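Below: the structure, in structure tokens.
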Amino acid sequence: MSADSSGRVLHAPPSALAGAETSATVLGWLTTVDHKRIGILYGVTGFAFFLLGGLEALLIRLQLAVPNNTVVSAQAYNALFTMHGTTMIFLAIMPFNAMFFNYMVPLLIGARDVAFPRLNALSFWIFLAGGLLLNASLLAGTPPDIGWFGYANLTSKHYAPGLGVDFWILSLQILGVSSVIAAINFIVTILNMRAPGMTMMRMPVFVWMTLVVQFLIALAFPPITVGLIYLMFDRFFGTHFYDVAAGADLHLWQHLFWIFGHPEVYILILPAFGIVSEVLPTFARKPLFGAPIVIYSGVLIGFFGFGVWSHHMFATGMGPVADSAFSIATMLIAIPTGVKIFNWVATLWGGSIRPTSAFHFAVGLVGLFTIGGLSGVMHASPPVDLQQTDSYFVVAHLHYVLIGGSLFGLFAGIYYWWPKMTGRLLGEGLGRLNFWMLFAGFNLAFFPQHYLGAIGMPRRIYTYPPDLGWNAANFASTIGAFGIGVAVLIFMVNAWRSLRRGAPAPADPWDGRTLEWRTSSPPPAHDFDAIPPVSGRDSFWREKHGPRRGAAAGVGPAEHDATVHLPAASHWPLMVGLGMLIAAVGALTHVSLVVLGILWTICAIFRLALEHHRTPEHADQTGGLGLDHRKMAMWVFLGSECFFFGTLVATYLAYKGRSVVGPEPHQILNIPITTLSTFDLLMSSLLMVLALAAVQRGDHRQARLWLFGTALFGLVFLGFQAYEFTEFVHRGFTLQQNLFGSTFFVLTGLHGTHVAIGVLWLLSLWVLALRGRLGVADAVKVEIAGLYWHFVDVVWIAIFTLVYLIP
Amino acid sequence: MSDEHRDGEHPTVGTYVRVALVLSVVTALEVGVIYVRQLAPIIVPLLLAMSAAKFALVALFFMHLRYDSRVLTLLFAGPLVLASGLAVALTTLTGAFLVFGR
């Protein structure tokens, strides 16, 4: 390590970068596992989808510009608002957030990459597959036209017979897989890969908000996944989850959708809050006022976010008790949100303001989100909400949250971090023009919609008669929407000019406070020549301007790593994404493609998993908490699975006794047989721990024996299940028989699928053991397989009691 | 108990076998009690308690939560509690178990 006279670490390149990728070719981008490049891929792809969603919005506004307009048909209008909403939420704002998670989080916590770089690439390619599939519906001429919320039973085969809903279901499922994988990756990265000295409370607020968002994604996506599985089964296999004639309750979809949908609002907005919490202190040249409170507020928002979903359903008639409970919870969530606003304002108070473009957008968020927040609090009151539901007031509210909040925050982030990501400065003049055009266009587009909603204009109508008093406000709104379009064009010109001939950016152009400014712009492949020391919140600021400037107070000097291992490029993440896309296309066209896609995906997953099985650098993945990354990731995944199976079991119980035809559970379930299969699965868990113990002590013979035994017991369980299912079908009890059949077969079938995956996993380990490739160093691989296996076991313990035993 | 100390412990094979025996016995009891007419008034909480006990035994011993870092316990128990709460809410807000009248 070398140091200058002030004791700061100089940025000399490491002597060796094993496996580092530097290729700028197309193949280099297709196979990259570098978090920075993956961040850029998310950003570019998200921007392309953003333009598409924006174009759809402009068509919507053109249609509504004047009364009785005929720019598009009613059918096309329905498709436009469905695709606009779905695209902007899942394919634009979420990937923009992912861009910053990927690029900035490792830099902000002083890490060289994320915990699982190849899984990170996998998340991106699966995301792209989902995005392409959704938009392929436009090319196929059958876009979904059921709204981004897809309320049952408008999504049933009866009301939506084409492929549009199927495109929507499959693409959302694929996007969900991508999001959950990424969430697990970032939770482990943030918890386990922080630089020495960076305690949780020293983490930048953006990293904190990222952490909260990843938990929200990991826990909120499973319920909507289950809801979509039900919808898929209803449409593909004739089950009755959303079939009122069979006794179903359509509230089920709304609950499942909004259990996901409301946390999704925070998934979209909290990253913007994090960005603003970085931008404002930098340009006010003051620490964030009450930073711990801002962090606690973000955590509270995330937590309360799971308890307010039914305020989206006040108009469905849930009853006074439920209405009151969700009303109070919704009012409560306004408190931490308000706290953040006050803290940002207090940060500006008395600051030495530098009004850069990034600062403009950040302050814009504070003002505009406050308006969106205030109209949101109005929805907490059921009587008021009943007047506003399905009116343009709600359209105004949600756009003040998602454009005034999320998009302004994201633009603040883009202007703030662009120099770090590209090595070039954006034009400040064009940046401010960008801000004012967006600010004016946005307010002109959406503020009049409050008024339109208040005087009775409903959402989702494709035209209106001229004598309702809606004409002027609608026309103004359309002008404003085109103003937003012009603002986006200004940004594109600015970006283009910056990339072509922008002024080179120094490492620290804004006199920044956090670690990303401590490395070059753009950063090298390995991020930091030496892992930076962290002495407190705003560590880099203290290092530059603190009482002991020039030295990292309280910690030793950074160690300059002589050798840095960076993972090599891999094409298997791309192959997995491609396999999933083939399977999804097959589900819409021909079953042979489904089989091909699934086989392709399984093979690619195996290759991905075994790619570095014997690479010594991959053996030890112990992080800062002293825990193996893989083990921590498995526990996070199991937490997510709790929501998946919790939703399935809750549905089974909610629908118990509601079937309009028989049989009932007590007439058909075979408790003695199931007791045997339960015993078998419990004993397989015993064999699993014996296998792990054998691997840990290097006893290869015992390891092979117990691993095979566990897999065999798993196969026996599956045999019991196959027998049970066959027996039921012979007795006329099928998926389609009644609500009980639908819920029973899907719940136990999905559990059986988990067992089958576990068996495949165990047999793979057994084959490795047979080949002598499963040593003591691989014990953690057996341990995480074991955790999965035991979880499958405990889920069955719950199912056995709740489904089979409770009368 | 510190995390370092928790990490240092490992259950023995004997412990695993004893846990498996308890799991088997409780499973047998679960099946047995549903045929005892006198237990009908308390059968649901009784079955839920036995199921929860089995769940806890597997999580604590087979999944090593009793011996591993508390961070891992938190990562699992937090979502488990939240998911259970949501499941109860979902069950009471929808369908046959509707508690709050519409």
ask   = For chain A, what's the relative contact order in percent, using C-alpha pairs closer than 8 Å and at least 6 residues apart?
value = 17 percent
task = Could you tell me the largest-minus-smallest coordinate of the C-alpha atoms of the stretch A:634-805 on each of the three principal axes, in descending order and whole angstroms?
result = 57, 32, 22
ask   = Tell me, what ³J(HN,Hα) does each residue in the stretch A:684-699 have, in order and in whole Hz, if you take phi through Karplus 6.51 cos²θ - 1.76 cosθ + 1.60 with θ = phi - 60° and put x for Gly and Pro?
value = 5, 5, 4, 4, 4, 5, 5, 4, 5, 4, 5, 5, 5, 9, x, 8
remark   = For A:K631, the lysines lying under 19 Å Cα to Cα, once residues fewer than eight places off in the same chain are dropped, come out as A:K781
key: Qualifying aspartates and glutamates (Cα of each under 15 Å from Cα of A:K544; at least 8 residues distant if same chain)   = A:D4, A:D508, A:D511, A:E516
message = Taking every pair of distinct Cα atoms and averaging 1/r, then inverting, what Kirkwood hydrodynamic radius in Å comes out for the stretch B:1-68?
response = 13.5 Å
message = Give me a comma-separated list of calculated 3J(HN,Hα) values for the stretch A:742-752, in order, Karplus coefficients 6.51, -1.76, 1.60 applied at θ = phi - 60°, integers in Hz, x for any Gly or Pro.
response = 4, 5, 5, 5, 5, 5, 6, x, 5, 5, x
inquiry  = Using 0.36 nm times the number of residues separating A:V776 and A:R500, minus their current alpha carbon distance, what extension gain do you get?
reply    = 94.0 nm
query = According to a simple spin-label model (label point 7 Å from Cα along Cα-to-Cβ), what is the distance in nm between A:T25 and A:F482?
reply = 4.7 nm
task = Using only the alpha carbons of the protein assembly as shown, determine the length spanned along each of the three principal axes and report them from longest to shortest in whole angstroms.
result = 78, 77, 49
Lys, Arg +1 and Asp, Glu -1 on Cβ, resulting dipole of the stretch B:1-68 about Cα centre, debye, nearest 20 = 440 debye
query = Which of the listed residues, A:G373, A:I275, A:T70, is farthest toward the dipole's positive end in the protein assembly as shown, when Lys, Arg count +1 and Asp, Glu count -1 at the beta-carbon?
reply = A:I275
request  = Over 44 Å, how big is the tail of the calculated P(r) for the stretch A:35-553, in percent of all Cα pairs?
outcome  = 13 percent
remark   = In deg cm²/dmol, rounded to the nearest 500, the helical mean residue ellipticity at 222 nm of chain A, built from -39500 (n - 2.57) for every DSSP H run of length 4 or more, is -22500 deg cm²/dmol
query = What is the fewest-to-most order of A:R354, A:R112 by other Cβ atoms lying within 10 Å of their Cβ?
reply = A:R354, A:R112
note = What the Cα atoms of the stretch A:73-162 span along the principal axes, largest first and in whole Å, is 53, 24, 19
message = I need to check one value: relative contact order of the stretch A:634-805, counting alpha carbon pairs closer than 8 Å and at least 6 residues apart, in percent.
response = 35 percent
Cut-off under 5 Å, modelled amide H: who pairs with A:S391 long-range = A:R459
message = Please compute the alpha carbon radius of gyration of the stretch A:621-701, then divide it by the globular-protein estimate 2.2 N^0.38 Å. Two decimals is fine.
response = 1.70
ask   = Can you list the residues, at least 5 places off or on another chain, whose amide H is less than 5 Å from the amide H of A:A507, using H built in the peptide plane?
value = A:S521
remark   = Residues A:F283, A:F439, A:F606 in order from fewest to most other beta-carbon atoms within 10 Å are A:F606, A:F439, A:F283
request  = Taking a cut-off of 16 Å between Cα atoms, list the aspartates and glutamates near A:K656, but don't count ones fewer than 8 places away on the same chain.
outcome  = A:D243, A:D249, A:E664
ask   = How many partner chain Cβ atoms sit within 10 Å of a residue's Cβ in peptide A:652-661, on average, as a whole number?
value = 4
key: Neighbouring partner chain Cβ atoms per residue of A:783-796, average, 10 Å criterion   = 3
task = Can you tell me the FRET efficiency between A:H613 and A:V591 if r is taken as the Cβ-Cβ distance and R0 is 35 Å, rounded to the nearest 0.05?
result = 0.55
note = Sorting A:S685, A:T726, A:V244 by the position of each Cα along the dipole of chain A (Lys, Arg +1; Asp, Glu -1; all at Cβ), the one nearest the positive end of that ordering is A:S685
query = Over the stretch A:44-169, what is the relative contact order in whole percent, taking alpha-carbon pairs under 8 Å and six or more residues apart?
reply = 29 percent
remark   = Expected vector for the stretch A:237-251, Karplus 3J(HN,Hα) from phi with 6.51, -1.76, 1.60 and θ = phi - 60°, integer Hz, x for Gly and Pro, equals 10, x, 7, 10, 4, 10, 10, 4, 4, 8, x, 6, 10, 5, 4
query = Assigning unit charges at the beta carbon (Lys, Arg +1; Asp, Glu -1) and nothing else, what dipole magnitude in debye, to the nearest 20, does the protein assembly as shown show about its Cα centre?
reply = 1140 debye
note = Here the averaged projected area of the stretch A:282-432, based on the convex hull of its alpha-carbon atoms and given in nm², is 10.3 nm²
request  = Please list A:208-221, A:419-432 highest first by mean number of surrounding beta-carbon atoms within 10 Å per residue.
outcome  = A:208-221, A:419-432
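Only the coordinates and a few stated rules stand behind these numbers; no lab work does. A quick note: this is a predicted structure, and the numbers were derived from the prediction, not measured. Neighbour counts are summed over all protein chains in view; Cβ atoms, including those assigned to glycine, are modelled from backbone coordinates with ideal geometry.
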